[in-house]
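The next block holds one structure in the form of C-alpha cells; read it before the comments.
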Amino acid sequence: MQLTETKLKGCFLIEPTVFEDKRGYFLESYNQKAFNEGVGSNVNFVQDNESYSSRGVLRGLHFQKGEFAQAKLVRVIKGKVLDVALDLRKDSTTYGEYFSVELSEENKKQLFVPRGFAHGFVVLSETALFAYKCDNFYNKSSEGGIMYNDSTLNIDWQLNPDEFIISEKDLILPSFESLSL
C-alpha cells in the first residue's frame, strides 16, 4: 500500500496494491502496522461504519468534538463519491482548507482523515456503498458540523446543487465562520 500525505498535514491518500487476474482481484484494505508506520502515529480503530446512498446524497460536513473526536479511514466499496476533508485545527497552517478526492470501486483509494477535521461526501454514481473505520466511538452530544455550501470554504461538490439530497439536520448546520470548537 502506498500512503501519500495530502496538502493537509496528517491527512493521507492511500492506494492499496491490487492483484488482478481473470478471477477478479485481491487487495489488503487495511494493515495496522503498515498504516501506523505510514501515517507516523499509532491509530487504533474501534468502530466500522457503512452507508448506502443514491446519487446526489450529500453527507456532511461532520465532526466529533473534544474527547470524542474521531479519525476516520474512508473508502468506497461500490460506486463513486467525491470525498472532502476540512482542516479544523486552529493551530494548523492549513486551518480552513479542504482536500477533495474521488473515491471509487475502480480506483480503490482510501482517505485517512485525522482528528480535528470535518468530513463529508457526495455520491457521484447511481448508488454508493461507503465504509469507514473510526478510532473513537460515536457520541451524539459531541457531534458538530458545517454547512456544505459555506461561501468561505467554496467547496466544488462536482454536481449541480439541484441534484443534492441532504438531510434536514445537515441543512441547518452553522457556517464555518460561526463555528465554535
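The numbers here are math on the coordinates, done by the rules we state, and not lab data. Nothing here was measured: the structure is a model prediction, and the numbers come from that model. No Cβ is skipped: glycine too gets one built from the backbone with ideal geometry, and neighbour counts run over all protein chains shown.
Screening K7, K72, K90 for residues that are of a type in the set (D, E, K, R) and crowded, with 16+ Cβ neighbours inside 10 Å leaves exactly one candidate, K72.
Regarding V101, is this residue under 20 Å from D170 (Cα atoms) and outside any loop (DSSP other than H, G, I, E, B)? No.
In region 47-64, is there at least one residue being free of Cβ contacts under 8 Å to residues at least 24 places away in the same chain, more than 14 Å from F12 (Cα to Cα) and not in a strand (DSSP E or B)? For region 47-64, residues free of Cβ contacts under 8 Å to residues at least 24 places away in the same chain, more than 14 Å from F12 (Cα to Cα) and not in a strand (DSSP E or B): absent.
Among the residues making up region 23-41, those that are of a type in the set (F, W, Y) and in a strand (DSSP E or B) are Y25, F26. The residues of region 122-141 that are aromatic (F, W, Y) and farther than 12 Å from K80 by Cα, listed by number, are Y132, F137, Y138. Per this entry, N44 is counted among residues that are assigned to a loop (DSSP other than H, G, I, E, B), over 24 Å from E105 (Cβ atoms) and either among the polar types (S, T, N, Q) or in contact with a Ser or Thr (Cβ under 6 Å, 6 or more places away or on another chain) (or both).
Per-residue answers, yes or no, for (1) touching a Lys or Arg at 6+ places or on another chain (Cβ under 6 Å); (2) closer than 14 Å to G120 by Cα; (3) surrounded by fewer than 19 Cβ atoms within 10 Å (Cβ to Cβ); (4) of a type in the set (S, T, N, Q):
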| residue | (1), (2), (3), (4) |
| --- | --- |
| T17 | no, no, yes, yes |
| R23 | no, no, yes, no |
| G40 | no, no, yes, no |
| Q47 | no, no, yes, yes |
| S54 | no, no, yes, yes |
| L58 | no, yes, no, no |
| E67 | no, no, yes, no |
| K78 | no, no, yes, no |
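Residues in region 1-37 that are over 15 Å from R75 (Cβ atoms) and more than 16 Å from the chain's Cα centre (by Cα): 12 in all.
Restricted to strands (runs of 3 or more DSSP E) entirely inside region 109-181, those with at least 1 residues that are more than 29 Å from G40 (Cα to Cα) and under 16 Å from the mean Cα position of the chain (by Cα) are 117-123, 127-134.
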